[in-house]
Amino acid sequence: MFDNTHAHITTWVIAIILFFVAVGLHNAGKAKGMKVVHMILRLFYLLIILTGALLFWKHQGIDPALYGIKGLVGIWVIGMFEMLLVRMKKGKDTKVFWMLLALSLIIVLFLGFRLPLGIHIF
Ligand code: HEM
């Protein structure tokens, strides 16, 4: 949990899947199902932050600025998940938030896979 990124990756992959399941349930008109999945997703927000924070406290000395930005952009992604689901429930426009979600996800994946632990793609 402190030295490898497996637990962190597991939590955000499950969260992304749960987010799209919630969107699918909303589009299918299944409000109750969406509510349940949204609740489980909120638990995963906490697990993402917990596993990310554990990695952060142990390793941020390597590059404090970039690790700080990585954590903040991770929280931005979670914020966009939440804004989108809440706005969908209320029937509000979501276009801007979809664009911001795509942008934040690209940045967080780029930074995550660039930073020294775990997988290196960039
Ligand atoms: C949905 C939100 C998030 C996504 C999609 C995400 C994605 C990633 C990815 C792709 C990696 C690299 C894994 C690897 O190289 O094996 C990573 C590592 C990391 N994440 Fe996140 N993350 C998210 C949220 C957070 C949050 C909220 C924090 C801080 C509280 C955080 C802190 C970290 C740290 C410290 C690392 C280790 C960096 C390194 O590879 O050296 N992440 N994350």
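The values are calculated or read from the model by the stated rules, or taken from the named source; none is laboratory data. Keep in mind it's a predicted model, so treat the numbers as computed, not measured. Only protein heavy atoms, including side chains, enter the accessible area calculation; ligands, DNA and RNA are left aside. Shrake-Rupley method; radii C 1.70, N 1.55, O 1.52, S 1.80 Å.
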Quiz item: Between the helical axis of 95-114 and the dominant principal axis of the chain, each derived from Cα atoms, what acute angle in degrees is found, rounded to the nearest 10?
Solution: 20
Exercise. For helix 31-59, report the angle its Cα long axis makes with the longest principal axis of the Cα atoms of the chain; keep it between 0 and 90° and round to the nearest 10°.
Key: 10
Quiz item: Which value, to two decimals, describes the C-alpha radius of gyration of the stretch 75-122 once divided by 2.2 N^0.38 Å?
Solution: 1.40
Self-check item: Angle between the chain longest axis and helix 6-27 axis [Cα atoms, degrees, rounded to 10]
Solution: 20
Practice problem: Determine one quarter of the surface area of the Cα convex hull of the stretch 6-114, which equals its mean projected area, and express it in nm² to one decimal. | Solution: 6.6
Quiz prompt | Sulfur and carbon atoms: percent of accessible area, the chain [1.4 Å] | solution = 75
